[in-house]
Amino acid sequence: MTSNLSGVVRLYEKGLNLLPPLQSLFLLFVRLYWGWLFAQAGYGKLTHIDRTTEFFGSLGMPFPEFNAYFIGLTEFLGGVLISLGLGTRLVGAFLAGEMFVAYLVAHRSELMSVFSDPSEFYTAPPFTFMFASLILFLFGAGKISLDNLVTKVTRGLE
């Protein structure tokens with residue numbers, strides 16, 4: 001019985017050793033996929049700035065034209081930076097905050113249903129963007145990133 005248990009423990013430990021490289025590949029995939037989607041969303045807002053401004057105004061947002069440019073640029077540049085893995089935690093936090101504001105402004109009923117009808121909350125458009133942003137904020141860019149390269153270079157200068 002003890003030898004079977006120790007064999008299971010060894011197998012489990014070998015499995016754990018496979019995770020660090022997979023973590024970096026997973027974070028690379030998340031960055032490339034969601035960075036592309038954020039950049040596309042921002043680009044769409046910027047190339048159709050009149051429609052974006054009108055939509056923001058219809059939501060009652062203050063300074064709709066300023067916010068259309070600000071949010072469009074934030075999403076576009078944030079998406080590019082996330083894809084490169086540069087400033088990932090900071091950009092992830094900022095974009096997660098932006099998605100929370102999107103819930104407050106454009107998807108308030110879905111936000112308010114988070115406990116009464118969770119499916120309304122997590123099927124709303126901001127959810128997956130916010131979730132991906134939080135993953136990058138909490139876990140960083142991974143080893144396959146400019147963040148990692150910058151960290152190595154700056155540590156070498158000390």
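At-a-glance table
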| item | result |
| --- | --- |
| Test: residue in region 102-118 that is among the β-branched types (Val, Ile, Thr), over 30 Å from residue 53 (Cβ atoms) and without any contact (Cβ under 8 Å) to a residue 24 or more places away in the chain | no |
| Residue 25 being aliphatic (A, V, I, L, M) and closer than 19 Å to residue 126 by Cβ | no |
| Failed condition for residue 141, given (1) crowded, with 20+ Cβ neighbours inside 10 Å; (2) within 28 Å of residue 62 (Cα to Cα) | (2) |
| In region 130-158, residue modelled with the lowest pLDDT [restricted to those that are touching a helix residue (DSSP H, G or I) at 6+ places or on another chain (Cβ under 8 Å) and β-branched (Val, Ile, Thr)] | 144 |
| Long-range neighbours under 7 Å by Cβ, at least six apart or interchain, first residue among the small types (Gly, Ala, Ser) within region 20-45, second not in a helix (DSSP H, G or I) | 24/142; 24/143; 24/144 |
| Candidate set from region 144-155 (those that are touching a residue at least 12 places away in the same chain (Cβ under 8 Å) and hydrophobic (A, V, I, L, M, F, W, C)); member that is surrounded by the most Cβ atoms within 10 Å (Cβ to Cβ) | 144 |
| Within region 60-158, helices (runs of 4 or more DSSP H) holding 2 or more residues that are touching a Lys or Arg at 6+ places or on another chain (Cβ under 8 Å) and closer than 18 Å to residue 28 by Cβ | 64-84, 125-139 |
| Residue count for region 59-97, restricted to those that are within 10 Å of the chain's Cα centre (by Cα) and buried (at least 20 other Cβ atoms within 10 Å of the Cβ) | 8 |
| Any hit, region 17-40, residues being under 13 Å from the mean Cα position of the chain (by Cα), not hydrophobic (A, V, I, L, M, F, W, C) and not in a helix (DSSP H, G or I) | no |
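The values are calculated or read from the model by the stated rules, or taken from the named source; none is laboratory data. These numbers come from a predicted model, not from an experiment. Counting neighbours? That spans all protein chains shown, and the Cβs are built from the backbone with ideal geometry, glycine included.
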